[in-house]
1. Taking the Cα atoms only, what angle lies between the long axis of helix 25-65 and the longest principal axis of the chain, rounded to 10 degrees?
2. Per the 1.4 Å probe, what fraction of the accessible area of the chain, in percent, lies on carbon and sulfur atoms?
3. Can you classify the range 24-65 as rounded, prolate or oblate using the Cα gyration tensor, where a ≥ b ≥ c are the square roots of its eigenvalues, rounded means a/c under 1.5, and otherwise it's prolate if a/b beats b/c and oblate if not?
4. Using a probe radius of 1.4 Å on heavy atoms only, what accessible surface per residue do you get for the chain? Whole Å² is fine.
5. Please compute, for the alpha-carbon atoms of the chain, the extent along each of the three principal axes and give them in descending order in Å.
6. Rounded to the nearest 20 debye, what is the charge dipole size of the range 24-65 about its Cα centre when +1 sits on each Lys and Arg Cβ and -1 on each Asp and Glu Cβ?
7. If the only charges are +1 at each Lys and Arg Cβ and -1 at each Asp and Glu Cβ, what is the size of the charge dipole of the range 1-71 around the Cα centre, to the nearest 20 debye?
8. To the nearest 10 degrees, how steeply does helix 3-15 sit against the main Cα axis of the chain, on a 0 to 90 scale?
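The values are calculated or read from the model by the stated rules, or taken from the named source; none is laboratory data. Note that the structure is predicted; figures quoted are calculated from it, not measured. Quick reminder, even Gly has a Cβ in these numbers, built from the backbone with ideal geometry, and neighbours come from all protein chains shown. The protein model used for the area step is the full one, side chains on, heavy atoms only, and it has no ligands, DNA or RNA in it. Shrake-Rupley method; radii C 1.70, N 1.55, O 1.52, S 1.80 Å.
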Amino acid sequence: MNRAEREAAVRRVMAARPVPVPPELYPEAVRRGERLLRRGRLVRRVMWVLVCVAAVVFGVWAAYAHPWVEPPSGTTPPVDGW
């Protein structure tokens, strides 16, 4: 099926009259949709909390560890007899 045929098929589907939905299906669809929205909202909140906690933990670690400072060299022998 080439592009023109696909576009024509999509136009036919969109121009057709929508199929009637049984009335007893509506409450179940609303309930599931609300549940999905609540779950998505909860996941987003948990992710933001985890990102904030990770940022705070990284900041505290960086404040104590000073990863930008080069550690002193322990391989140079002491110099005596100058």
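1. 10 degrees
2. 67 percent
3. Values: a/c = 11.31, a/b = 10.32, b/c = 1.10.
In terms of gyration-tensor shape, prolate.
4. Computed with neighbouring chains in place, this is 102 Å² per residue.
5. So the three principal-axis extents are 99, 40, 13 Å.
6. The calculated dipole for the range 24-65 is roughly 40 debye.
7. Numbers: 13 positive and 6 negative charges, 88 e Å.
The calculated dipole for the range 1-71 is roughly 420 debye.
8. 60 degrees
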